Amino acid sequence: MKAKSIRGSAITEVEDKLNQLVNNDFQPTLAIIFISKSMDFSAINKLFDVKDIAVFGLTTNGEFIDENLNTSSAAILLLDIKPDYFQIYSEEFENRNFKKIAEKVAEKSKKRFDHPAFLLGISNAATDGELILRGLEAVIDKNLNAFGGAAGDDFSFSETIVFTNNFESNNGLVCLVLDEEKIEIKGIATCGWKAVGTEKTVTKSEGNHVYTIDNIPALDITTKYGGLENVTPENKDLLMELAGNFPLQLQRPQGDPVMRPGLVVDWNDHSFFTSGSVPQGSKVRFSLPPDFDVMEKVVKEVENLKETEMPEADAVIVFSCGGRLISLGPLMPQEIEGIKEVWNVPMVGMFSNAELARATGGNLEMHNLTTCCVAIKEKV
């Protein structure tokens, strides 16, 4: 499988670069497109559609090819993978039927491939990615390979989009299914955030709505330990600070903790909603603001993936939480460059609203403040 990456800040630039790359030696059949909402993603989608190139696309909070981080652009990975080795499915959600839709896609995939693997893109901040993963597991099995991310919107917190040929949705799923008998796919989810303090108990919660921790309103105990000031609805930076610097770490019976930052505050009772479920009675710890160690741990985990499971790759796809970009700021390119150097093959990545992957040593989960790195290679 050949892979090449391009970036452009205008559709004419993308088209010119695409035309320059396509020749007798390289005829791409699949494009993974991560694109800013400031660009005309519909026009980009049509550009690839008329060239008979399948599209797996998401809007972003920032995008990159190789180690070059950008905003207000399109980052695209082109693959000449054989059409018989993959299939793209797209579905619209209705009445929060996330698990049912995932089961539907899994059933189609199972009929197409004996051993399907999944690359997922979801839109709408209210979408429960964990229910999608549970739906895939119900049809395939709990050991399946599934990775992906939630689309972004340049941090406007308004509307996110997923798209493929002749399909765009602000409340849907785009799923790239790969035949694992032909394409090897391995990935890892890692965050690097350090925990601080003792374990605390979630004393009241419903799904992703956390009311109290150690019988104290979730917002109050978080801001107390974080030393935050101006904790009022008028502070527009509060949510960014909560999510980026003081997220909860949900402890698991097995595997690494899963990040659960507070994303929406209910000021009536000072509870908050997180990116994924936090069961009542579960144990959590708070996090320290990130430093250089956060990036170093991520790169080391990716290096370990190469050493233990994926010595070679044809291409790399990265879903990195937008919260990492906010927290690490100008240091973020160092992490991206470190990941790029592991395999040194064409890479495309995006800053997402959430990440879907298996926690190290654990289960498939919805993550935040996490980097999900996926390597693929055609089997000989």
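Just so you know, all these numbers are worked out from the coordinates, no wet-lab data involved. Keep in mind the model is a prediction, meaning the values are calculated, not measured. Note that each Cβ is placed from the backbone with ideal geometry, even for glycine, and that neighbours are counted across all protein chains shown.
Among LYS340, LYS104, LYS37, the largest mean-square fluctuation in a Gaussian network model of the chain, built with springs joining Cα atoms closer than 10 Å, belongs to LYS104. Net length available on complete extension from ARG96 to ASP266 is 59.1 nm, with 0.36 nm assigned per residue and the Cα-Cα distance removed. Across all directions, the average flat footprint of the convex hull enclosing the Cα atoms of segment 1-43 is 3.3 nm². Neighbour counting of Cβ atoms within 10 Å sorts the residues ILE183, ILE88, fewest neighbours leading, into ILE88, ILE183. Its residue count N sets the reference 2.2 N^0.38 Å, and the alpha-carbon radius of gyration of segment 179-241 equals 1.71 times that reference. When the Cα atoms of segment 94-199 are aligned to their principal axes, the ranges along those axes come out at 46, 35, 24 Å in descending order.
Neighbour counting of Cβ atoms within 10 Å sorts the residues THR223, THR71, THR198, fewest neighbours leading, into THR198, THR71, THR223. The per residue volume of the convex hull around the alpha-carbon atoms of segment 320-376 is 91 Å³. Here the spin labels are modelled as points 7 Å beyond Cα on the Cα-Cβ line, and at ASN19 and ASN344 they lie 3.4 nm apart. Taken one residue at a time, the phi angles of segment 67-84 give Karplus couplings (6.51, -1.76, 1.60, θ = phi - 60°) of 9, 8, 8, 9, 10, 6, 8, 10, 10, 9, 9, 9, 10, 9, 4, 5, x, 5 Hz. Gly and Pro are set to x. Computed on the Cα trace of the chain, the radius of gyration divided by the Kirkwood hydrodynamic radius gives Rg/Rh = 0.96. So what is the relative contact order of the chain, in percent, for Cα pairs below 8 Å that sit 6 or more residues apart? Contact order relative to length: 21 percent.
With distances taken between every two different alpha-carbon atoms, segment 1-86 has a Kirkwood hydrodynamic radius of 12.8 Å. Rounded to two decimals, the Cα radius of gyration of segment 195-287 over 2.2 N^0.38 Å is 0.97. Listed cross-link partners LYS340/LYS379; LYS17/LYS297; LYS17/LYS100; LYS17/LYS111; LYS4/LYS297 are compared with a 30 Å cut-off, the Cα-Cα value being larger for LYS17/LYS297; LYS17/LYS100; LYS17/LYS111. Checking the cross-link pairs LYS200/LYS377; LYS142/LYS194; LYS51/LYS142 against a 31 Å limit on the alpha carbon distance flags LYS200/LYS377; LYS51/LYS142 as lying beyond it.
Tally Lys/Arg at +1 and Asp/Glu at -1 over every other residue whose Cβ is under 15 Å from the Cβ of GLN254; what's the total? Residues close to GLN254 contribute a combined charge of +2.
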